[in-house]
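Reviewing the structure listed below.
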Amino acid sequence: MSDTPHGYHGRYLHVDLSTQRSVVRELPADVLQQHIGGSGLGTWLLQQHTPHEIDPLTPDSPLLFVFSPLIGSPLTTSAKFAVMAKSPLTQRINDSLSSSHFAIAGKKTGHDAIVITGHADSPACLIIEPESVRFESADDVWGLSSQQAANQIRIRLGKQFHIASIGPAGEHLVRYATISNDGRHAGRGGLGAVMGSKNLKAVAVTGDRLTTYAHSDELIAYSKDLSRKSFGPATAKYRELGTVSNLLTFNRLGTLPTRNFQQSEFAEAERLAPETMSVTHDRTRASCAACTIGCEHIFHVSPGDKGVRMEYENLFALGPLCGISHPDTVLCASALCDELGLDTISAGGTIAFAMECAERGLIDAPDLRFGNGDALLQTLHLLAHREGLGDLLAEGSRLASQQIGQGSEDFAPHVKGLELPGYEPRTLQTMALGFAVGTRGADHNRSGAYQVDFSDKVDRLLATPGDVTLAIETENEAALMDSLILCKFLRGVFDDRLAAMAEMLHLVTGWDIDVAELQETATRIVNAKKDYNIRQGWTPDEDTLPKRFLTQAIPNGESAGAALTEETLKRQIEAYNLARGWTPDGYIFDHESAS
Amino acid sequence: MSITVEFFGLARKRAGVASIEIDAHTIGTAFDVLESLLPKWADACLDDGHLKRSFLANVNSRTFVNDRNQPLQDGDHLLILAADVGG
Ligand code: SF4
């Protein structure tokens with residue numbers, strides 16, 4: 001294809017599982033330049049393949065694996081891809097990023113994206129190579145963990161294949177099931193359930209199709225310099241301690257969600273801190289494919305075991321949020337989520353919600369109490385297989401609270417159905433806005449507004465309309481990083497992040513793109529996600545926080561008294577909508593401009 | 001004027017202590033005192049008398065500060081944290 005930009009194949013693959021047919025479709029150069037790749041290109045593709053309002057767990061619902069122009073380049077942290085679909089948890093757009101050799105092998109199949117629709121008659125494995133698309137039975141691996149299934153499929157197909165697969169939670173349509181690949185996970189929003197609803201256990205990819213670079217020599221020099229910087233002080237926190245080192249900081253600032261957001265400090269946080277666990281547990285380090293930072297810190301419960309990758313989010317969600325202080329319980333719960341294919345944040349959030357319901361007598365679950373580690377582990381098993389109370393909790397905290405009723409909706413910890421990550425919104429009020437307006441729900445990866453709260457630019461306990469432009473900047477930056485795709489932990493190494501992104505895109509694709517044009521691209525991507533949601537039934541009342549956060553102040557500790565009212569949040573949201581150029585209640589003026 | 005400096009994450013690792021009491025009346029003088037008491041921490045965290053951009057200073061767990069002239073009160077807690085708190 002003569003006008004295909006460097007860094008791209010200029011085409012994507014559409015596979016229909018129902019007919020077992022596939023077709024290759026062209027991706028026009030202007031679409032690629034306007035949407036880049038990953039999350040941006042995926043949103044455009046999702047719009048093309050979702051002509052009307054759909055149920056995400058039906059055959060029509062498209063599941064996308066989207067690559068990017070930077071994959072395969074020597075740029076550090078670029079081996080990432082986006083998995084996208086309408087989320088069964090939120091009923092809104094969902095893009096979940098992951099990082100592994102699957103990204104590199106997937107792009108080497110010769111496609112910039114893979115779109116999967118339909119439903120296989122029986123459990124299937126989809127196998128994609130440059131010149132062939134075929135299907136094999138997955139009967140023998142159905143029921144296995146994603147890792148076990150991937151291992152068996154690789155033994156059968158050969159080591160050149162890289163596998164994305166679901167575990168039991170995806171098979172049982174748990175609304176926050178993950179898709180795993182090489183031990184990493186496309187975690188949020190239940191894309192594993194979308195895959196399970198298609199009877200698709202695994203996608204296996206391999207290939208040899210390479211893309212070209214516009215300025216190879218300069219790209220290699222730039223990449224070497226970037227790798228060198230990635231060894232420097234800006235990323236030392238991630239290398240030496242990992243994201244888990246947020247725990248004591250957040251606890252000290254009174255912003256660590258505890259016992260289903262009833263408190264913002266956890267008295268036993270020290271026990272779970274990496275500073276303590278590094279003494280009590282063996283620890284090793286690892287990294288994603290093509291990453292020079294290596295932020296993965298793997299803790300071992302017993303010497304010689306394969307260990308558990310701990311990040312702040314799984315530590316907070318399966319620890320303080322559930323009132324659990326025993327490190328081994330948190331490590332085991334985390335390993336179990338990986339094995340079963342569960343998003344740790346939503347699993348922890350939903351179980352913490354159920355613990356509060358049980359303690360208040362709203363559900364009959366005598367063992368489900370904050371701090372009961374055995375109950376946590378048992379509930380993870382139950383919900384992954386939809387057994388007993390697990391069937392209700394597999395729906396996520398929003399739907400579960402609607403069934404439980406009795407006021408429990410007020411403290412179900414979600415926005416648009418997506419459980420909140422480990423940032424207490426009453427004490428980080430720019431982040432509160434980011435959560436409320438997020439197109440995929442409460443999310444710290446699509447809005448980095450916590451960065452604003454952790455600065456001298458705002459008072460984190462007192463939201464003002466002036467803060468919204470800062471929140472928008474972090475959202476735009478995330479939209480670009482998720483489309484190029486680069487790891488956000490690289491952020492600190494750049495003096496001017498947007499200029500750096502423009503430079504990297506130029507070296508790979510040859511586009512003469514400046515910061516202003518990148519800003520426009522970011523706005524286009526954010527608008528396109530909003531437009532998708534509007535077409536799928538979004539209404540302004542979804543952009544809010546659970547009542548608890550708007551009616552109750554933080555009761556005690558360092559942030560005692562911190563409060564956010566409904567009126568304040570509404571004012572912030574309106575200021576945000578207007579700053580985005582939307583109507584005050586959040587509709588896009590011109591739907592077509594986002595398409 | 002006695003204040004307590006608390007270190008978190010990498011700043012704690014570099015300081016080798018979780019906290020220390022010092023006399024200082026501004027953020028700037030606090031950094032100067034820390035530089036003489038904890039040279040390894042200063043090497044890693046300070047640049048020309050200011051915190052490197054991978055670190056943040058916070059007073060009493062409320063206000064983030066970036067000005068050497070910012071006054072401190074007796075009994076204040078100065079927290080030194082990582083600037084990037086992505087999870
Ligand atoms: S910094 Fe961490 S999350 Fe980012 S690419 Fe490297 S190992 Fe993966």
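Taking 35 Å as R0, compute the FRET efficiency from the Cβ-Cβ separation of B:T4 and A:K306 and round it to 0.05.
Details: r = 42 Å, r/R0 = 1.19.
With R0 = 35 Å, the Cβ-Cβ based efficiency is 0.25.
Quick one: accessible area per residue over the stretch A:123-192, 1.4 Å probe, rounded to a whole number of Å²? Don't skip to the end; give the middle numbers.
Values: 2410 Å² over 70 residues.
Counting only protein heavy atoms, the per-residue value for the stretch A:123-192 is 34 Å².
Kirkwood hydrodynamic radius for the stretch A:11-205: how many Å is it when counted over pairs of different Cα atoms? Walk me through the intermediate numbers first.
On the way: mean 1/r = 0.0621 Å⁻¹.
Computed over Cα pairs of the stretch A:11-205, the Kirkwood hydrodynamic radius comes out at 16.1 Å.
Residues of A:452-464, mean number of Cβ from any other protein chain within 10 Å of their own Cβ, rounded to a whole number? List each step's numbers first, then the result.
Working: counts 0, 2, 8, 4, 9, 2, 1, 3, 4, 2, 0, 0, 0.
Average neighbour count from other chains, rounded to a whole number: 3.
Over the stretch A:420-535, what is the relative contact order in whole percent, taking alpha-carbon pairs under 8 Å and six or more residues apart? Show your work: numbers first, answer last.
Working: 119 pairs, mean separation 23.8, N = 116.
It comes to 21 percent, rounded to a whole number.
Sort the following peptides by mean Cβ neighbour count (other Cβ atoms within 10 Å, averaged over residues), highest first: A:509-520, A:257-268. Mind showing how you got there, number by number?
On the way: A:509-520: 15.7, A:257-268: 21.7.
Sorting A:509-520, A:257-268 by mean packing, highest first, produces A:257-268, A:509-520.
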Worksheet item: Once you treat every alpha carbon in the stretch A:500-595 as an equal point and sum by Debye, what is log10 I(q)/I(0) at q = 0.13, 0.17, 0.25 Å⁻¹?
Response: -0.67, -0.86, -1.20
Item to complete: Let me have the 222 nm mean residue ellipticity of chain A computed from DSSP H runs of 4+ only, each contributing -39500 (n - 2.57), with the sum over all residues rounded to the nearest 500.
Response: -11500 deg cm²/dmol
Worksheet item: For the stretch A:167-222 and the stretch B:42-56, what is the separation of their Cα centres, given in Å?
Response: 39
Discussion item. Need one number: nm distance between label points at A:L362 and A:A516, each 7 Å from Cα along Cα→Cβ, rounded to one decimal.
Written reply: 5.2
Worksheet entry | Residue mean of other protein chain beta carbons inside 10 Å, A:227-235 | 2
Worksheet, complete the sentence: antiparallel share of DSSP beta bridges within the protein assembly as shown, to nearest 5, in %, is 80
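Work the Kirkwood hydrodynamic radius out for the stretch A:242-419: mean of 1/r over every pair of different alpha-carbon atoms, inverted, in Å.
Working: mean 1/r = 0.0610 Å⁻¹.
Taking every pair of different Cα atoms in the stretch A:242-419, averaging 1/r and inverting gives 16.4 Å.
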Practice prompt. From zero up to wherever the largest Cα-Cα distance of the stretch B:2-82 sits, split into 5 Å bins and tell me the percent of pairs in each.
Written response: 3, 17, 32, 31, 15, 2
Item to complete: Round to a whole angstrom and tell me the spacing of the C-alpha centers of the stretch A:76-134 and the stretch A:497-527.
Response: 24
Item to complete: Run the dipole for the stretch A:484-534 about the Cα centre, Lys and Arg Cβ at +1, Asp and Glu Cβ at -1, nothing else charged, and hand back the magnitude in debye, nearest 20.
Response: 400
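In percent, how large is the relative contact order of chain A, given Cα pairs closer than 8 Å and 6 or more residues apart?
Details: 1372 pairs, mean separation 90.5, N = 595.
It rounds to 15 percent for chain A.
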Practice prompt. Convert 10 °C to kelvin, take the viscosity as 1.306 mPa s, use the Kirkwood radius over C-alpha pairs of the stretch A:178-335 as Rh, and evaluate the Stokes-Einstein diffusion coefficient in µm²/s, rounded to a whole number.
Written response: 87
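Using only protein heavy atoms and a 1.4 Å probe, how much accessible area in total is buried between B and A, to the nearest 100 Å²?
Values: alone 5230 and 20590 Å², together 23300 Å².
Using a 1.4 Å probe on protein heavy atoms, the buried area is about 2500 Å².
Would you tally the net charge around A:D541, using a Cβ to Cβ cut-off of less than 12 Å, leaving A:D541 out, and scoring K and R as +1, D and E as -1? Numbers along the way, then the final one.
Working: positive: A:K416, A:K570; negative: A:E542, A:D543, A:E566, A:D585.
So the surrounding residues net to -2.
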Worksheet item: log₁₀ I(q)/I(0) of the protein assembly as shown at q = 0.06, 0.11 Å⁻¹, via Debye over equal Cα point scatterers, no solvent, to two decimals?
Response: -0.31, -1.13
Fill in: Principal axis dimensions, the stretch A:429-579 - Cα atoms, whole angstrom, descending
54, 37, 23
Worksheet item: Hey, got the dipole for the protein assembly as shown? About the Cα centre, +1 on K and R Cβ, -1 on D and E Cβ, debye to the nearest 20?
Response: 1100
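The values are calculated or read from the model by the stated rules, or taken from the named source; none is laboratory data. Since the model is a prediction, treat every value here as computed from it, not as a measurement. Note: ideal-geometry Cβ built from the backbone for every residue, glycine included; neighbour counts use all protein chains shown. With ligands, DNA and RNA removed, areas are computed over all heavy atoms of the protein, side chains included. Shrake-Rupley method; radii C 1.70, N 1.55, O 1.52, S 1.80 Å.
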